[in-house]
Amino acid sequence: DAKTTQPTSMDCAEGRAANLPCNHSTISGNEYVYWYRQIHSQGPQYIIHGLKNNETNEMASLIITEDRKSSTLILPHATLRDTAVYYCIVMVGTSGSRLTFGEGTQLTVNP
Amino acid sequence: GAGVSQSPSNKVTEKGKDVELRCDPISGHTALYWYRQSLGQGLEFLIYFQGNSAPDKSGLPSDRFSAERTGGSVSTLTIQRTQQEDSAVYLCASSETGTRRTYGYTFGSGTRLTIV
């Protein structure tokens, strides 16, 4: 599976949009981009995933560049409860793939 | 159930004892993973079950660790002769699978294992 690169940490003001970048320059055509987050002392939580097109759900939006070498997770109106480590993971979308977590980005939402 | 259930939520055991950790995945989810997370560390893959296929055990750190999944549902992770370095949060996750897996994984709340 392709490797991802994320900033170690980011800060965001409460109520503002949080834009978390991820580079995956070696992504293959059949690999999806997944985002998870882990709030302190809890298990990881699935947020969103995509292949080529931008995606949106009740939690976030995922913007994938046309060349698919990078993506951005957008939390449109960050709250204090969004403070967590955010993981960008690239994985083949077929059975047998392993979910491998890197270091992630520690997002801190400030009041 | 509505989510992935793990038990116990906390376990304190003496060094050298055996422990069993249980995971109840979401009904119908055919893929099941075990991970562990040591304090302040990232998630470490342990083992993966997919339907009736042979499990991927490549992440198990030693032969003291084993896991089984009965009837394609409940899974048990067993650690024999526990050591202090086994102290961690053990997380279980399950997922739907199909011809192409495009679904997210649902994680349980984990079992916090402390070896004293």
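The values are calculated or read from the model by the stated rules, or taken from the named source; none is laboratory data. Remember, it's a predicted structure, so these values are computed and weren't measured experimentally. Because the Cβ atoms are built from the backbone with ideal geometry, glycine has one as well, and the counts that use them run over all protein chains shown. The accessibility values were calculated without ligands, DNA or RNA, using every heavy atom of the protein model including side chains. Shrake-Rupley method; radii C 1.70, N 1.55, O 1.52, S 1.80 Å.
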What dipole magnitude, in Debye to the nearest 20, does chain A give about its Cα centre under +1 on Lys/Arg Cβ and -1 on Asp/Glu Cβ? 120 debye
I want the antiparallel fraction of DSSP beta bridges within chain A, as a percent rounded to 5. 85 percent
Label-point gap, in nm, between B:Ser53 and B:Gln84 - each point 7 angstrom along Cα→Cβ: 4.0 nm
Per residue, how much accessible surface does the protein assembly as shown expose to a 1.4 Å probe? Answer in Å², no decimals. 49 Å²
In whole percent, what relative contact order does chain B give with Cα contacts below 8 Å and a gap of six or more residues? 37 percent
Cys with no candidate disulfide partner in chain A (beta-carbon separation under 4.7 Å rule): A:Cys12
Choose one of B:Phe45, B:Gly28, B:Gly71: the residue whose Cα lies farthest towards the positive end of the charge dipole of the range B:9-75 (beta-carbon charges +1 Lys, Arg; -1 Asp, Glu; about the Cα centre). B:Phe45
Translational diffusion coefficient (Stokes-Einstein; Kirkwood radius from C-alpha pairs) of chain A at 25 °C, 0.890 mPa s, in µm²/s: 176 µm²/s
May I have the extent of the alpha carbons of the protein assembly as shown along their three principal axes, as whole Å values ordered from largest to smallest? 51, 42, 32
Coil-residue trypsin sites (Lys or Arg not before Pro) of the range B:1-93, DSSP, other Cβ within 10 Å capped at 15: B:Lys15, B:Lys17, B:Lys57, B:Arg64, B:Arg81
DSSP loop (so not H, G, I, E, B), at most 11 other Cβ within 10 Å: list which GluC sites (Glu not before Pro) in the range A:3-64 pass both filters. A:Glu58
Any lysines whose Cα falls less than 26 Å from that of A:Lys3, other than same-chain ones fewer than 8 residues away, would be A:Lys52, A:Lys69, B:Lys57
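Using a 10 Å cut-off around each Cβ of peptide B:88-94, what is the average number of partner chain Cβ atoms that fall inside? Show your work: numbers first, answer last.
Values: counts 0, 3, 0, 4, 1, 5, 0.
What the average comes to for B:88-94 is 2.
How much accessible area is lost when chains B and A come together, counting both sides, with a 1.4 Å probe, in Å² rounded to the nearest 100? Walk me through the numbers before you get to the answer.
Details: alone 6420 and 6410 Å², together 11150 Å².
Using a 1.4 Å probe, the pair buries roughly 1700 Å².
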FRET efficiency estimate (nearest 0.05) - Cβ-Cβ, A:Asn19 to B:Val116, R0 35 angstrom: 0.20
Treating the beta-carbon of each Lys and Arg as +1 and of each Asp and Glu as -1, no other charges, what is the dipole magnitude of the range B:1-69 about its Cα centre, to the nearest 20 debye? 120 debye
How much of the pair distance distribution for the range B:9-116 lies past 22 Å, counting alpha-carbon pairs only, in percent? 28 percent
What distance in nm lies between label points placed 7 Å from Cα along the C-beta direction at B:Arg64 and A:Glu58? 4.3 nm
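Taking 8 Å as the Cα distance limit and 6 or more residues as the minimum spacing, I'd like the relative contact order of chain A as a percentage. Please list the in-between numbers first.
Working: 278 pairs, mean separation 40.7, N = 111.
RCO, chain A: 37 percent.
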